[in-house]
Amino acid sequence: MIGIFPRGFGPRPGWRFRARGSLPLGLLLALVFSSSSLPGFCASSWRDLFQQGRSAYLGGDYTNAAALFRRSAAARPASGTLQNLGNAEWQIQRPGLAVLAWEQACWLNPFNQAARNNLDFARREAQLESPELAWYEVVSTWLPVNWWAWITGVSFWAALGLAALPAFLGLRKTGWQQGAAAFVLGVFLLSVPAHFGVTSRARLGFVLERNTPLRLTPTDDAQYLARLQSGEPARFERRHGKFVLVRTSRAEGWIEKTQLGLICPRD
Amino acid sequence: MVSFLLPTVAQASSPAGSGRVPPPGRARPPFRRFLALAYAACFCWLAPGARAQLATSPQPVVRDPLMALMLSQPRIDVESPVQPTATFDPPMAKPGERVTYRVVINALEASIQWPDKLPDTGNLQLEAGAHGQLLAMNGALFKPSTTFNYHVRPKQPGHFTVPAFSVEVYGKAVTIPTAELEVRGDLPAHLPAPAHLQLELEPTNIFVGQAVKARVYSPPHPGSVVQGLAQVQINGEGFIVDAATARPRVEATAPRAGLSGMTYIHEVLLTPMASGRLSAFAQAYSVDNRTFAGAIGTGPSIVPGQASQYTLLDSDPVVFAVKPLPHEGQPEGFTGAVGRFEVQPPQLSTNEVRVGDPVKLTVRVRGEGNLVRLVAPPPPQVRDWQVFAGEQDPNHPQIILAQGATTFTYTLVPLNEKSQATPIIPFSYFDPDQEKYVNASIPSVGITVEPGAVPVDLGVMDQARSSAAPEEKLPVLSDLAREPGLAAGSLVPLQRQPWFPLLQLAPAVAFFGLWIWKRRQQYFEAHPGVVLRRRARRALRRQRRLLGRAARDRNAPAFAAAAVGAMRVACSPHYPAEPRALVGGDVLAVLPETSRGGDTGRVVRRFFEATDGTRYGGLPEDGSELLALRPQLEHLLDHLEGRL
């Protein structure tokens, strides 16, 4: 137990405390209890799933491998996990889920060349088209998505700080401070388009099922405008009930929510 | 325009001497007639119809031949009322027997909004089968007929019903009638088996790109009746069917289902394009009169005056495994040929040629496999020859299959007289039996090359080859990642997570705090008295604590020292001076004049005397006198603190 035993009464220059026992039992219990929620403690579980998935894949059990990789990715999304998930989905002939997994792998880590190659391979094999990206979306693919948020935030406040702190502290502005402020401001301005690119690219999705009907209206008996292939890119526009409005390279229409897989899942 | 002129003409034609004098400037009567006629001619000429009639020669209307062909076809009957039928084939079956639920609608398939799921059929688990459309000639019109098949194998005897349900056809609701099925175990044995197709694939364990023979057998019939099939299709994904290789025929087959005789067989080549487990089933229309007035006959029959009935039959799905071609060890010259092939000695069009003159090289390839889709190996890049890509066999695929061979023709141009033989053309194929690639390169053929009239610039040829685009390396599926790699807490980007925008407030709060601090510092610099007073108050509180402690301990010297210290620190901001430098008179000067001579002043002098005495001499004998002055002292200190 931790006890506070002030000497005497009334205000004193300082407080003094001493603990009873070698180590507070409650603090120890709190540490043990909270350790289960620490990322380090759970790392073994999702890594184990990853390794189990690898073993199942190498043994030819692609369905089980896909399930294990999916669980690992759900626990902690990682670029390598999603790449392997895509491979397993491709082996069990689910190109839509495979393309989605590889795109998510590139979303987290654009430097994953294997996932990029797999996307080229799948699109060539299944004759699928790549999603059309605006210039700012292309810029956003140069770095992992979360890096842009930190770059934008840090550069903005760094520029503000370098410009305003000398004045706050009453210091004379030097040339290097102004140069650094200009440089950091430039980084911020260059990262803003990528920031928007990340936001708009988050609405990108892929059709999961084969011959998905693209409907004119969000109803079950709506007229079909077209049939979408598994793995075809589509942009999410809005939701209405169990349907979502998507825009493809050919047309705009409604499909069921479960038939579209978004790179960035929404609530 | 003419009427404008008529009055003029009328006036002009008035007889002379009538007393009317024509106004000056108007034309004379003959000239006016001429003008009227000229205007009338111009009007007629400008009229569209007249202009067309006056054209030099009428142009014949040229009709597009395709349009003419389309217009010459009979129209499709979409006006007749839609009369759907729904039946079970057969209507009575044994438990475990395959039964087909068939709906036939006399409408175009594209105009039918067929539901994805049928209404509740109770214990019957209907599985979707084939569906198709047929256009049958009926008088001067094509009569459309669309059929939807479902299959079921009832396990228990009983009476089953598929209730009526509504379907939209041509935008209107149409009711599909009820269909009933009787399942009994005591059916007579003479009833023929339900009619359905049989699909056979030979072989079933194959590789991607390996052509296999798919045979569709028509259902057997007693006697010598052979039931033909129309619109035979093999459905499924992951493979292509070469319709040009179709070989329909009637063959004597081994007895099946207790029936023997001739059977109609539709054989076609099927080439899988994807690996894995693929499924295929066949469908076709059989021409018979088994179905009439919504009832199913027990066998083929000819009803006088009855038009031929087309019944859509299908087969059970056939699952076959397709293995991918191995990527390792794929030699040069492999163009996708899978099977067993033999390259026969190539033939040259001539064995003597001059430099720069072309020569044809004909290569004949025999074998078993996808001969129809065999692609000529690419021409090699050699220094002494210029080889143009091979031409495919122009024969019909059925002729190629019948011959069991195909030919390629290359055009070669010698670039110098040093060549004594044609270059070897790399070619290889994959043998599915041995499961390995086999090298079957086209050998070189001896030839005599004589010098040509114009020398060939080999340097240009080399430059053209070197500048040619490198062969595109096709991407392949990568290996598994060994490590999870770069991870994140979520796929949702930070910008959309709720805590991230809030995190941006932290530096804002820090900057704001810094600004507040800076302002405060500037204020204190501008108002130093404020700082002095704050310090004095703090010191006074400290002295008062010492005062209280000394009073509790009944320590008169400490009490007096603390009291003097308190008075000094309370008065120091007024001078300003170091508190220790102040004396009793300085303290009295801070007090109001009326208080200096009263009790308050006496208290001040008393404490200062006590501390001076302690410092320079001894205390008075009665120290409690000072302690008793505490209330007055506290009152004085309160007054001094109030003035800070």
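Against the conditions (1) hydrophobic (A, V, I, L, M, F, W, C); (2) over 60 Å from the mean Cα position of the chain (by Cα); (3) modelled with pLDDT of 90 or more, B:Ala481 satisfies every one except (2). Select from segment B:490-523 the residues that are more than 8 Å from chain A (Cβ to nearest Cβ) and of a type outside the set (A, V, I, L, M) and list them in ascending order. Within segment B:490-523, B:Gln497, B:Pro498, B:Trp499, B:Pro501, B:Phe512, B:Gly513, B:Trp517, B:Arg519, B:Arg520, B:Gln521, B:Gln522, B:Tyr523 qualify.
Just to be sure, is B:Ala487 closer than 30 Å to A:Arg47 by Cβ and within 12 Å of chain A (Cβ to nearest Cβ)? Judged against the criteria, B:Ala487 is a match. Once segment B:358-417 is narrowed to residues that are acidic (Asp, Glu) and without any contact (Cβ under 8 Å) to a residue 40 or more places away in the chain, the residue that is farthest from B:Asp431 (Cα to Cα) is B:Asp384.
Within segment A:84-94, the set of residues being crowded, with 24+ Cβ neighbours inside 10 Å and more than 8 Å from chain B (Cβ to nearest Cβ) comprises A:Leu85, A:Gly86, A:Ala88, A:Glu89.
Out of curiosity, is A:Asn211 of a type outside the set (Ser, Thr, Tyr) and either touching a Gly at 6+ places or on another chain (Cβ under 6 Å) or at the interface with chain B (Cβ under 9 Å from one of its Cβ atoms) (or both)? Answer is no for this residue.
For segment B:528-546, the tally of residues that are free of Cβ contacts under 8 Å to residues at least 40 places away in the same chain and within 17 Å of B:Ala577 (Cα to Cα) stands at 6. Pairing residues of segment A:60-83 that are within 10 Å of another protein chain (Cβ to nearest Cβ) and within 16 Å of B:Gly485 (Cβ to Cβ) with residues that are of a type in the set (Ser, Thr, Tyr) and assigned to a loop (DSSP other than H, G, I, E, B), at Cβ distances under 9 Å and at least 6 apart in sequence or on separate chains, gives A:Pro77/B:Ser490; A:Gln83/B:Ser478. Of the helices (runs of 4 or more DSSP H) lying entirely inside segment A:103-179, those carrying at least 1 residues that are within 9 Å of chain B (Cβ to nearest Cβ) are A:113-125, A:145-168.
Only a single criterion out of (1) surrounded by 15 or more Cβ atoms within 10 Å (Cβ to Cβ); (2) within 29 Å of B:Glu634 (Cα to Cα); (3) within 14 Å of chain A (Cβ to nearest Cβ) is not satisfied by B:Leu582, namely (3).
Applying the criterion of at least 2 residues that are hydrophobic (A, V, I, L, M, F, W, C) to the strands (runs of 3 or more DSSP E) found wholly in segment B:310-357 leaves B:318-323, B:334-343. Checked against the criteria, B:Tyr437 counts as touching a residue at least 60 places away in the same chain (Cβ under 8 Å) and not β-branched (Val, Ile, Thr). Could you tell me whether segment B:450-468 includes any residue that is exposed (fewer than 15 other Cβ atoms within 10 Å of the Cβ) and either at pLDDT 85 or above or within 14 Å of chain A (Cβ to nearest Cβ) (or both)? Yes - at least one qualifying residue is present in segment B:450-468. Put simply, of B:Glu182, B:Glu168 the only residue that is among the charged types (D, E, K, R) and within 43 Å of the chain's Cα centre (by Cα) is B:Glu168. Exactly one residue among A:Ala202, A:Ala251, A:Ala222 is within 13 Å of chain B (Cβ to nearest Cβ), farther than 25 Å from A:Trp142 by Cα and not charged (D, E, K, R), and that residue is A:Ala222.
The values are calculated or read from the model by the stated rules, or taken from the named source; none is laboratory data. Being a predicted model, the structure only gives us computed values, none of them experimental. For neighbour counting, all protein chains shown are included, and Cβ atoms are generated from backbone atoms with ideal geometry for every residue, glycine included.
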